[in-house]
Amino acid sequence: MPNLLIEMLADKGTLLADGATGTNLFAMGLMAGDAPELWNETEVGKITSLYQGAVDAGSDLFLTNSFGANASRLKLHDAGHRAFELSRMAAEIGRDVADRAGRTVIVAGSVGPTGEIMEPVGALTHADAVEMFHETASGLKAGGADIGWLETISAPEEFAAAAEGFALAELAWVGTMSFDTAGRTMMGVTSKDMATQVAALEHPPLAFGANCGTGASDLLRTVLGFAATGTETPLIAKGNAGIPKYHDGHIHYDGTPELMADYAVLARDCGARIIGGCCGTTPEHLRHMREALDTRATGTAPTLEAIVDALGPFSSSSDGTDDAAAPARQRRRSRRVA
């Protein structure tokens, strides 16, 4: 059956996603070390406000407060047995906000990494990872999520396990990785590697791309890498609002709303069709991104120089697809041997 995300992409061409979850919840009073997913039960008003802020700013979709709602992460808060329940609550709050929006808004069920390292490097088995993702995806579906949204993944094994989990839950999904290590993910995946994996999956995502990372410039270079593979799967760009800086005891992101507006247009020019913000991105940023996408014409793919001129320098000289950046996984093994 046609999925709402595909229908909206066909109708609108480009969709605006939401902004940050964690940094916006910290601004609402969440304390470092607390599990934000527990707020789905104890602070329903604040989670509603989080979702509503994205809708009011013009987002076509928003992610649920369920990034860490899996048994592995929740067990750190004595709530490992509540993954399904807390995921369902996150989606139910989102469903209510979307249904009252007066327009079509997609509820995207956020699914983050397990927090464990999978075999053969780590101890987490494929079967256990699949079950964790299945449980979370099932809860999101039961709560009314339109799609699953896998994000901030580093390992291809975990991406594959999540795909199976979504398939078992019969929930359509999209997926992003975080390219934060000289153009690669922490586990050594390049933009080309990810595109190759997506094309080979038995239950592939409806869209894929990058989120978080080290800054908007780096993320757009990765999106250009996806586009260069010739993939026909819609691409996602969800970059941070600038670079995090420590000031007066707090982490602040230096990306202005105007910079994020430029980023949104450049992301579209790079080939992204679903564009949002990650850490540090507020409703004010989203309003400027919405206006820019609605009023500025689509251009040709920018050069790397044009990206730097608009958004600032890259954090590394390489995009990870050449020999200048060795896979992070190989570097880690070398250190253990030493």
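The values are calculated or read from the model by the stated rules, or taken from the named source; none is laboratory data. This is a predicted model, so every value here is computed, not measured. Here the Cβ positions follow ideal geometry from the backbone for every residue, glycine too, while neighbour counts run over all protein chains shown. Surface areas here come from the heavy atoms of the whole protein model, side chains and all, with no ligands, DNA or RNA. Shrake-Rupley method; radii C 1.70, N 1.55, O 1.52, S 1.80 Å.
For residues in segment 9-24 being in a helix (DSSP H, G or I) and surrounded by fewer than 19 Cβ atoms within 10 Å (Cβ to Cβ), which is nearest to the chain's Cα centre (by Cα)?
Gly22
I need the full set of residues from segment 277-292 which are open to solvent by less than 10 Å² (accessible area, probe 1.4 Å) and part of a helix (DSSP H, G or I), in order please.
Scanning segment 277-292 gives Leu286, Met289, Ala292.
Every residue, every condition in (1) open to solvent by 30 Å² or more (accessible area, probe 1.4 Å); (2) charged (D, E, K, R); (3) modelled with pLDDT under 95, yes or no:
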residue	(1), (2), (3)
Lys75	yes, yes, no
His81	yes, no, no
Gly102	yes, no, no
His126	yes, no, no
Val130	no, no, no
Leu140	no, no, no
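So which residues in segment 151-203 are buried (at least 20 other Cβ atoms within 10 Å of the Cβ) and of a type in the set (Lys, Arg), if there are any at all?
The answer is Arg184, and nothing else.
Can you run down the residue pairs with Cβ atoms below 6 Å, 6 or more apart or on separate chains, where the first is in segment 226-242 and at negative phi and the partner is open to solvent by 10 Å² or more (accessible area, probe 1.4 Å) and of a type in the set (Phe, Trp, Tyr)?
From segment 226-242, the pairs are Ala241/Tyr253.
Trp39 is checked against (1) surrounded by fewer than 23 Cβ atoms within 10 Å (Cβ to Cβ); (2) over 21 Å from Ile147 (Cα atoms) and fails just one. What number does that condition carry?
The one condition Trp39 does not meet is (1).
Kindly list the number of the only condition in (1) β-branched (Val, Ile, Thr); (2) surrounded by fewer than 20 Cβ atoms within 10 Å (Cβ to Cβ); (3) in a strand (DSSP E or B) that fails for Ile236.
(2)
Exactly one condition in (1) open to solvent by 60 Å² or more (accessible area, probe 1.4 Å); (2) within 23 Å of Trp173 (Cβ to Cβ); (3) of a type in the set (A, V, I, L, M) is false for Leu61; which is it?
(1)
Mind checking which residues of segment 293-317 are among the polar types (S, T, N, Q) and surrounded by fewer than 15 Cβ atoms within 10 Å (Cβ to Cβ)? Before you say what the answer is, go through the steps one by one.
Narrowing segment 293-317 to residues among the polar types (S, T, N, Q): 295, 298, 300, 303, 315-317.
Selection gives Thr295, Thr298, Thr300, Thr303, Ser317.
Return the only residue of Val107, Val97 being over 20 Å from Ala35 (Cβ atoms), buried (at least 24 other Cβ atoms within 10 Å of the Cβ) and free of Cβ contacts under 8 Å to residues at least 60 places away in the same chain.
Val107
Among the residues of segment 26-77 satisfying the criterion of being hydroxyl-bearing (Ser, Thr, Tyr), in contact (Cβ under 8 Å) with a residue 40 or more places away in the chain and assigned to a helix (DSSP H, G or I), which is nearest to Arg290 (Cα to Cα)?
Result: Tyr51.
Within segment 252-297, how many residues are within 17 Å of the chain's Cα centre (by Cα), within 19 Å of Asn24 (Cα to Cα) and without any contact (Cβ under 8 Å) to a residue 60 or more places away in the chain?
Counting residues in segment 252-297 that are within 17 Å of the chain's Cα centre (by Cα), within 19 Å of Asn24 (Cα to Cα) and without any contact (Cβ under 8 Å) to a residue 60 or more places away in the chain gives 1.
In segment 78-124, what count of residues is obtained for those that are part of a helix (DSSP H, G or I) and of a type in the set (A, V, I, L, M, F, W, C)?
9
Among the residues of segment 239-276, which ones are buried (at least 20 other Cβ atoms within 10 Å of the Cβ) and not in a helix (DSSP H, G or I)?
Gly239, Asn240, Ala241, Gly242, Tyr253, Gly255, Ala272, Ile274, Ile275, Gly276
Any chance segment 211-223 includes a residue that's farther than 24 Å from Met8 by Cβ, of a type outside the set (Val, Ile, Thr), assigned to a loop (DSSP other than H, G, I, E, B) and free of Cβ contacts under 8 Å to residues at least 24 places away in the same chain?
No: zero hits.
Need pairs with beta-carbon distance below 7 Å; first residue among the hydroxyl-bearing types (Ser, Thr, Tyr) and within segment 167-180, second assigned to a loop (DSSP other than H, G, I, E, B) and modelled with pLDDT under 95; sequence gap 6+ or separate chains.
Pairs found: Ser178/Gly213.
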